[in-house]
Amino acid sequence: MPDPRRHRLKTALGVFASAAIAGLALYVLYRTFQRISVADVIANIRAVPRERLMLAAACAAGAFTALAAYEIAVVRYVKHCIGRAKPVITALIAFPLGHALGQTLLSGSALRYRMYSPAGFTAMEVGAAVLLCGLPYLLAFGLLFDLALVFAADSLAPLFRIPSQWLFALGCIGLVKDVAYLAFVRLRKAPIRLGGWEVNLPTMRMTVLQIVVGLIDICLVASILYLLLPASAGIAFLPFVAVYLASIVIGVMSHVPAGLGVLESMLLLLLPQVPPEELLAAVLLYRVIYEVVPLVLAMLLWGAYELTAHDGARVRLLRAGSNRQPPAVP
């Protein structure tokens, strides 16, 4: 049985670390806004060419399209084919909601249970679907970061303030880890135990699909911000991916919804060559294109589903109300 004192200590350390990261981010932003004005940021937002905005929006649409197509494969892998409409709708609601709130696992679990339980999914099958939907990002995240450390160590050394030899070595260790996971999936046939649960590893074919989908997703999402960066950034795409992923990691560790403020502060620290007003303008546009607009569309789609679907909230409430009506008296 776990020690309650150890559990409380871990909780306290986690809260302290999150508060420290959030506090540091606020300090960086405070110092930055002392040197710039909001008007300069707005002016830089207006100066972004329309073509770049359209390309960034296309990257966001492509990322969510890839995730929706993968959701169809997950549903078929876990249980059976229930059509394509419901998995696509679920993905287009769950992923924007999770990205915006910063609680992808929690919101994804609740929403997928709501959507898939009427189709005959058990709680265990919904949990398997949630886990499979989260694996592409996790696997591709590590692989891309390792590749960037190996092939762009010289470019990343001045940004991370770490010698390029160390970055290259860390990247090689990471790639060994990635290959070891593939070998583990290939060779392990028995389920693995996680606490009191037994989890079957995905097949090799599903694992490869997860990696491909994750790479497409992360590359397209990183491209949104990369396209919006000013020319003064002067950074190639692969090193930028490493900077972007490192900023995302710190944002996740802070437990701040959507890494709000943390992502901005990390990019300000890792890309000092970019004027702050131009960098903040790019990040704000990135948040609007990748988080705000998809979240609004997801909420509208969810409302439309609940109002019109045969297993939506409106139909179920009307059905429950008709069942409670007393019998007519002749």
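Where the second residue is surrounded by fewer than 21 Cβ atoms within 10 Å (Cβ to Cβ) and among the acidic types (Asp, Glu) and the first is closer than 15 Å to Ala222 by Cα and lies in segment 128-148, which pairs have Cβ atoms under 8 Å and are six or more apart or on separate chains?
Going by the 8 Å Cβ cut-off, the qualifying pairs are Gly142/Asp178; Leu143/Asp178.
Under 6 Å by Cβ, and 6 or more places apart or on different chains, what pairs join a residue from segment 75-89 that is charged (D, E, K, R) with one that is at pLDDT 90 or above and not in a loop (DSSP other than H, G, I, E, B)?
Once the first residue is charged (D, E, K, R) and sits in segment 75-89, its partners that are at pLDDT 90 or above and not in a loop (DSSP other than H, G, I, E, B) give Arg84/Ile72.
Regarding Ala180, is this residue open to solvent by less than 60 Å² (accessible area, probe 1.4 Å) and either part of a helix (DSSP H, G or I) or in contact with a helix residue (DSSP H, G or I) (Cβ under 8 Å, 6 or more places away or on another chain) (or both)? Reasoning before the result, please.
Working: open to solvent by less than 60 Å² (accessible area, probe 1.4 Å): yes; either part of a helix (DSSP H, G or I) or in contact with a helix residue (DSSP H, G or I) (Cβ under 8 Å, 6 or more places away or on another chain) (or both): yes.
Answer is yes for this residue.
Please go through segment 261-292 and pick out each residue that is open to solvent by less than 10 Å² (accessible area, probe 1.4 Å) and under 18 Å from Ser223 (Cβ atoms).
Leu263, Leu267, Leu271, Val274, Leu279, Ala281, Ala282, Val283, Tyr286
Among the residues of segment 218-229, which ones are of a type outside the set (S, T, N, Q) and open to solvent by less than 30 Å² (accessible area, probe 1.4 Å)?
Of segment 218-229, the ones of a type outside the set (S, T, N, Q) are 218-222, 224-229.
Scanning segment 218-229 gives Ile218, Val221, Ala222, Ile224, Leu225, Leu228, Leu229.
Check every one of the helices (runs of 4 or more DSSP H) wholly within segment 46-164 and list those with 1 or more residues that are touching a Lys or Arg at 6+ places or on another chain (Cβ under 9 Å) and either crowded, with 17+ Cβ neighbours inside 10 Å or at pLDDT below 90 (or both). Break it down into steps so the answer makes sense when it comes.
On the way: elements: 50-78, 85-101, 104-116, 123-151, 153-160.
Output list reads 50-78, 85-101, 104-116, 123-151.
Testing Leu170 on (1) at pLDDT below 90; (2) hydrophobic (A, V, I, L, M, F, W, C); (3) under 22 Å from Asp146 (Cβ atoms); (4) open to solvent by 10 Å² or more (accessible area, probe 1.4 Å), one condition comes back false. Which one is that?
(1)
The values are calculated or read from the model by the stated rules, or taken from the named source; none is laboratory data. Keep in mind that what you see is a predicted model, and the values were worked out from it rather than measured. Methodologically, a virtual Cβ is constructed for each residue, glycine included, from the backbone with ideal geometry; neighbour enumeration extends over all protein chains shown. Side chains included, ligands, DNA and RNA excluded: accessible areas come from the protein's heavy atoms. Shrake-Rupley method; radii C 1.70, N 1.55, O 1.52, S 1.80 Å.
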